[in-house]
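Below you will find the structure I want to go over with you.
The values are calculated or read from the model by the stated rules, or taken from the named source; none is laboratory data. These numbers were taken from a predicted model, which means no experiment stands behind them. Reconstructed Cβ throughout: ideal geometry from the backbone, glycine too, with neighbour counts over all protein chains shown.
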Amino acid sequence: MIKELYDMRVRSLAILVVCLVLFFTLAPFQGKLLGLMEEYKDIVKKYAGSFPVEKLKEWNFYIYSQWFGKNLGQIIPIIGVLFAFPLFSREYENGTMEFLLVRKSRRYVFLSKTLTAIFVMTIELAFFSILPVIYSSIAGKDFESVYSYQYMVHILVGGLFWFSITLLFSTIFEDQVRPLLL
């Protein structure tokens, strides 16, 4: 389990940095986005139809639509895939799978690798779900956090779904590229 945490450190730190950059390029710039939309209101009406730009002035609507609906919602499959694809295929590719199986049982190897990856992914996804609550309290924004915990459940289920599919491909194929491509 310690070896897996050590192997996952680069991936998990990269995902953490990318998602933090995404959030902090979105959350503090609500006013800038609204200014741009007001500036190009004719184009917005043409493509967004009757979508009221005024709703984006509300912090709750803005953060739920922009963070949970667009940014984090679209990166969940990528996070699930990045945590699962190298778990077993990397061991086959490096020729270390036989070494692992000589020392420990198959069940132990599978569970330690899988549960460690699920644990780290769950911690990161839960943090990204609570991030708007933390930011809102620090920035002094009025945020109703009831829905963020409901979104957290959906985010965790979606992440585990993509993790499971990629884990299946990682155990079937013996190279790291195929699970990514499928």
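In the stretch 1-47, which residues are polar (S, T, N, Q) and more than 18 Å from THR122 (Cβ to Cβ)? Show your work before the answer.
Initially, the stretch 1-47 is screened for residues polar (S, T, N, Q), giving 12, 25, 30.
Within the stretch 1-47, THR25, GLN30 qualify.
Specify which of the listed residues (ILE75, ILE63) is modelled with pLDDT of 85 or more, closer than 30 Å to ILE172 by Cα, among the hydrophobic types (A, V, I, L, M, F, W, C) and part of a helix (DSSP H, G or I). Please lay out each step first, then the result.
On the way: ILE63 fails: closer than 30 Å to ILE172 by Cα.
It is ILE75.
Here's another thing I want to ask about it. Got a sec? Which of GLU38, GLU58 is modelled with pLDDT under 80 and of a type in the set (D, E, K, R)? Give the derivation first.
On the way: GLU58 fails: modelled with pLDDT under 80.
The match here is GLU38.
Residue check, THR166 against (1) β-branched (Val, Ile, Thr); (2) surrounded by fewer than 18 Cβ atoms within 10 Å (Cβ to Cβ); (3) in contact (Cβ under 8 Å) with a residue 40 or more places away in the chain, all met but one. Which one?
Here THR166 meets the rest and fails (2).
Also: For the stretch 105-139, how many residues are over 18 Å from LEU72 (Cβ atoms), part of a helix (DSSP H, G or I) and not aliphatic (A, V, I, L, M)?
Qualifying residue count for the region: 10.
Does the stretch 9-28 contain any residue that is among the small types (Gly, Ala, Ser) and modelled with pLDDT of 90 or more?
Yes, the stretch 9-28 contains a residue that is among the small types (Gly, Ala, Ser) and modelled with pLDDT of 90 or more.
State whether the residues of the stretch 26-36 include one that is in a helix (DSSP H, G or I), in contact (Cβ under 8 Å) with a residue 12 or more places away in the chain and within 15 Å of ILE75 (Cα to Cα).
Yes - at least one qualifying residue is present in the stretch 26-36.
Sticking with this structure for a sec: Condition first: exposed (fewer than 14 other Cβ atoms within 10 Å of the Cβ) and under 12 Å from the mean Cα position of the chain (by Cα). Can you find one or more residues in the stretch 135-157 that meet it?
Scanning the stretch 135-157 turns up at least one residue that is exposed (fewer than 14 other Cβ atoms within 10 Å of the Cβ) and under 12 Å from the mean Cα position of the chain (by Cα).
Let me ask another. Condition first: modelled with pLDDT of 85 or more, in a helix (DSSP H, G or I) and on the phi < 0 side of the Ramachandran plot. Can you find one or more residues in the stretch 83-100 that meet it?
Step one: list which residues in the stretch 83-100 are modelled with pLDDT of 85 or more, which gives 83-84.
With in a helix (DSSP H, G or I) added as a condition, the list becomes 83-84.
Those still in the list that are on the phi < 0 side of the Ramachandran plot too: 83-84.
Within the stretch 83-100, one or more residues are modelled with pLDDT of 85 or more, in a helix (DSSP H, G or I) and on the phi < 0 side of the Ramachandran plot.
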